[in-house]
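The values are calculated or read from the model by the stated rules, or taken from the named source; none is laboratory data. Given the structure is predicted, the values throughout are model-derived calculations rather than measurements. Don't worry about glycine lacking a Cβ; one is built from the backbone with ideal geometry, like all the others, and counts go over all protein chains shown.
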Amino acid sequence: MAAPSDEEQTQLQDMEEEEAGMEEREMESDEEEGMGVENSEDEEDDSSEDDKENEAEIQRLEEQLSINAFDYNCHVDLIKLLKQEGELCRLRKARQKMSELFPLTEEIWLDWLKDEIRLTEEDSNREKVYELFERAVKDYICPDIWLEYAQYSIGGMGSPGGIDKVRSIFERALTAVGLHMTKGQTLWEAYREFENAVLSTVQPPPGRIPSREEQELLSAQLERIHTLFRRQLAVPLMDMETTYAEYEEWSENGVPETVIHLYRKALQQNQKCKSHEEALLVAEPPKLAEYQAYIDFELKEGDPPRIQIMFERALAENCLVPDMWTKYATYLDRQLKIKDLVLSTHERAVRNCPWTMSLWKSYLQALERHGADHQSVSDVFEKALNAGFIQATDYVEIWQAYLDYLRRRVDFSKESSKELEELRTAFSRSLDYLKQDVEQRFGESGDPSCAIMQIWARIEAHHCKNMQKARELWDTIMTKGNAKYANMWLEYYSLERAYGDMTHCRKALHRAVQCTSDYPEHVCEVLLTFERVEGEFHLENKGK
């Protein structure tokens with residue numbers, strides 16, 4: 001066999017090198033594929049590990065909430081994790097549970113609403129989203145939620161009555177936040193944009209003369225837009241000049257003098273508020289001092305809707321400040337006295353600051369003042385008992401407030417009645433509650449002088465003419481460590497003096513002299529005075 005030529009040898013070397021290169025590349029490719037599989041498996045393992053960790057954390061948070069349902073931060077953390085994991089059913093339940101216990105911030109509500117809107121695309125399910133919006137706008141002043149609500153309703157305007165529903169929501173939104181100086185303008189503009197869109201649907205095509213009916217629809221729609229401009233220009237809002245210029249351009253007949261007058265008046269008010277708005281703009285949250293100064297300014301101005309909007313703005317950022325709720329509720333109680341507004345504000349106050357006994361007490365009194373039914377008052381009282389007050393005396397005071405309410409329901413001209421039995425049962429229950437529940441938690445009843453028992457005894461004596469029950473109650477009071485105090489004996493003596501008899505008066509004073517350790521001389525003086533007025537002279541037995 002002939003030896004290969006130089007050219008053939010070169011070709012063979014090239015082929016061998018190419019084959020070796022291919023083999024090397026194949027080996028590298030196999031290695032890369034192996035590594036790719038390994039990387040993919042590692043990523044899957046990491047993801048699986050993260051899922052396990054998240055699920056473990058979710059279960060831990062759920063267990064924590066089963067122990068303490070009022071852990072606010074725990075609710076927030078659970079919702080974030082469930083959303084991250086895409087656990088939609090569990091997420092919805094978690095949000096629902098939190099909303100039952102706490103008012104939700106605007107941010108939490110918007111997050112929830114947007115999720116539900118994405119999941120609810122069919123018209124048949126829109127009502128559920130509407131219901132959620134209705135709940136959302138009740139917690140705090142919520143300009144962004146109202147805007148989202150109105151825009152969502154526009155999506156359903158094709159249904160029967162849809163346009164009227166959109167207008168109704170916009171009108172409610174303006175009532176709620178239309179006076180908000182920095183955020184109200186957005187809603188006014190959105191409302192006008194909607195009405196302009198409606199206008200385009202009622203305008204006849206160019207060149208065609210509209211019928212009488214079409215002309216009436218067109219005129220009515222134009223008047224709606226005119227009215228919106230006029231209403232907005234009468235409200236002090238930021239960037240009012242732009243709205244005025246827009247109206248000037250839009251209106252074919254110019255701006256009426258009456259509108260100009262109201263606009264200038266609103267501009268003046270705007271200037272008065274400008275310094276307060278600027279102070280809020282630069283202040284660090286929650287801006288409590290700035291809001292308080294702004295509220296005091298509006299209280300002096302005396303315009304109820306503006307006062308109300310300022311309280312609402314302040315509370316949106318200071319919802320855990322009981323004094324702010326007290327100030328707002330007191331203003332509504334004394335000035336506006338509108339039942340639905342007053343009661344809803346009291347309810348929001350106790351939802352935000354449930355640990356504040358005075359807010360619950362004010363709520364009970366407001367319910368009674370506005371003629372709420374007995375069951376509603378009782379339900380609120382029971383919620384108050386479970387609110388977790390921070391001191392024993394708070395429970396005594398809330399019980400006293402409820403017992404006062406029950407006493408006012410009784411017609412004492414009747415010897416017996418359902419209301420009287422309810423009052424007596426409540427007094428008895430209050431004593432058991434303070435002895436068991438409160439003492440167990442605080443190590444004291446909160447009522448060392450037995451004020452509740454004293455009131456009960458006086459009611460039995462004065463209204464029910466039942467001195468036997470009154471004396472039984474006072475015997476119990478004295479056995480609870482009060483027998484050493486002169487003032488307690490003198491209180492009992494005054495009750496006997498008013499509703500009892502001389503025998504029991506003398507007996508009470510003699511026992512007081514024996515038991516009193518703080519001011520015995522004072523008790524002796526009262527006894528001597530009593531005998532000088534009521535006493536008789538007894539001759540000694542002459543035979544002795």
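Observations on the model:
- The single condition among (1) out of contact with any His (no Cβ under 7 Å at 6 or more places or on another chain); (2) farther than 24 Å from Glu298 by Cβ; (3) in contact (Cβ under 8 Å) with a residue 12 or more places away in the chain that Tyr363 does not meet is (1).
- Trp355 being closer than 27 Å to Val396 by Cβ, buried (at least 17 other Cβ atoms within 10 Å of the Cβ) and among the aromatic types (Phe, Trp, Tyr): no
- The residues listed here are Leu495, Leu509, Leu473, Leu490; of these, the one that is surrounded by 12 or more Cβ atoms within 10 Å (Cβ to Cβ), farther than 30 Å from Val410 by Cβ and modelled with pLDDT of 95 or more is Leu509.
- Screening Lys484 with (1) touching a Lys or Arg at 6+ places or on another chain (Cβ under 8 Å); (2) not in a helix (DSSP H, G or I) gives one miss only, at (1).
- Single match in Glu131, Glu127, Glu107, Glu148 (criterion: over 30 Å from Asp51 (Cα atoms), of a type outside the set (Phe, Trp, Tyr) and under 20 Å from the mean Cα position of the chain (by Cα)): Glu131
- Criterion applied to Ser378, Ser344 was being of a type in the set (Gly, Ala, Ser) and under 18 Å from Asp139 (Cα atoms), and the one residue passing it is Ser344.
- Boolean, Ser494 is out of contact with any Pro (no Cβ under 7 Å at 6 or more places or on another chain), closer than 23 Å to Glu531 by Cα and part of a helix (DSSP H, G or I): yes
- Hey, Leu320 modelled with pLDDT under 95 and of a type in the set (A, V, I, L, M) or not: yes
- Within the set Glu252, Glu214, Glu223, the sole residue that is under 27 Å from Val166 (Cβ atoms), in a loop (DSSP other than H, G, I, E, B) and charged (D, E, K, R) turns out to be Glu252.
- If you go through the stretch 99-128 and pick out every residue that is of a type in the set (Asp, Glu), more than 20 Å from Leu65 (Cβ to Cβ) and surrounded by 15 or more Cβ atoms within 10 Å (Cβ to Cβ), you end up with 3.
- Look at the stretch 308-336: where a residue is on the phi < 0 side of the Ramachandran plot and crowded, with 18+ Cβ neighbours inside 10 Å and a partner is assigned to a helix (DSSP H, G or I) and of a type in the set (Ser, Thr, Tyr), sitting 6+ places away or on another chain with Cβ atoms under 6 Å, you get Met310/Tyr294; Phe311/Tyr328; Ala314/Tyr291; Ala329/Thr345; Ala329/Ser362; Leu332/Thr345.
- In the stretch 268-296, the qualifying residues are those that are touching a helix residue (DSSP H, G or I) at 6+ places or on another chain (Cβ under 6 Å) and in a helix (DSSP H, G or I), and the one that is surrounded by the fewest Cβ atoms within 10 Å (Cβ to Cβ) is Ala279.
- Only listed residue being in contact with an Asp or Glu (Cβ under 7 Å, 6 or more places away or on another chain) and at pLDDT 95 or above, chosen from Leu288, Leu280, Leu315, Leu299: Leu280
- The set of residues in the stretch 421-464 that are farther than 13 Å from Trp399 by Cα and outside any helix (DSSP H, G or I) comprises Gly443, Glu444, Pro448, Ser449, His463, Cys464.
- Residue match in the stretch 220-233 (condition: touching a residue at least 12 places away in the same chain (Cβ under 8 Å), surrounded by 15 or more Cβ atoms within 10 Å (Cβ to Cβ), among the aliphatic types (A, V, I, L, M) and within 24 Å of Asn125 (Cβ to Cβ)): no
- Residue count for the stretch 142-175, restricted to those that are surrounded by fewer than 21 Cβ atoms within 10 Å (Cβ to Cβ) and under 21 Å from Glu347 (Cα atoms): 2.
- First in the stretch 187-199 and closer than 14 Å to Ile163 by Cβ, second anywhere and β-branched (Val, Ile, Thr), Cβ under 8 Å, 6 or more apart: Phe194/Ile154; Phe194/Val166; Glu195/Ile225; Asn196/Ile225; Val198/Ile163; Leu199/Ile225
- The single condition from (1) exposed (fewer than 14 other Cβ atoms within 10 Å of the Cβ); (2) more than 16 Å from the chain's Cα centre (by Cα) that Asp340 fails is (2).
- Subset of the stretch 370-397 [in a helix (DSSP H, G or I), under 20 Å from the mean Cα position of the chain (by Cα) and not hydroxyl-bearing (Ser, Thr, Tyr)]: Val377, Asp379, Val380, Phe381, Glu382, Lys383, Ala384, Leu385
So that you can scan it fast, the table gives a plain yes or no per residue for (1) at pLDDT 95 or above; (2) closer than 24 Å to Thr356 by Cβ:
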residue: Glu382; (1), (2): yes, yes
residue: Ala387; (1), (2): no, yes
residue: Tyr402; (1), (2): yes, yes
residue: Ser417; (1), (2): yes, no
residue: Glu421; (1), (2): yes, no
residue: Ala426; (1), (2): yes, yes
residue: Ile459; (1), (2): yes, no
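- Candidate set: the stretch 130-166, residues that are basic (Lys, Arg) and in contact (Cβ under 8 Å) with a residue 24 or more places away in the chain; chosen: the one farthest from Trp325 (Cα to Cα): Arg135
- Members of the stretch 390-419 that are touching an Asp or Glu at 6+ places or on another chain (Cβ under 9 Å), within 14 Å of Ser445 (Cα to Cα) and not polar (S, T, N, Q): Ala392, Tyr395, Val396, Trp399
- Considering (1) of a type outside the set (S, T, N, Q); (2) farther than 14 Å from Ser378 by Cβ; (3) surrounded by fewer than 19 Cβ atoms within 10 Å (Cβ to Cβ); (4) touching a residue at least 24 places away in the same chain (Cβ under 8 Å), the lone condition that Tyr395 does not fulfil carries the number (3).
- Within the stretch 59-74, the only residue that satisfies the criterion of being of a type in the set (Gly, Ala, Ser) and over 18 Å from Pro354 (Cβ atoms) is Ser66.
- Some residue of the stretch 357-365 being closer than 24 Å to Ile141 by Cβ, at pLDDT 95 or above and of a type in the set (A, V, I, L, M, F, W, C): yes
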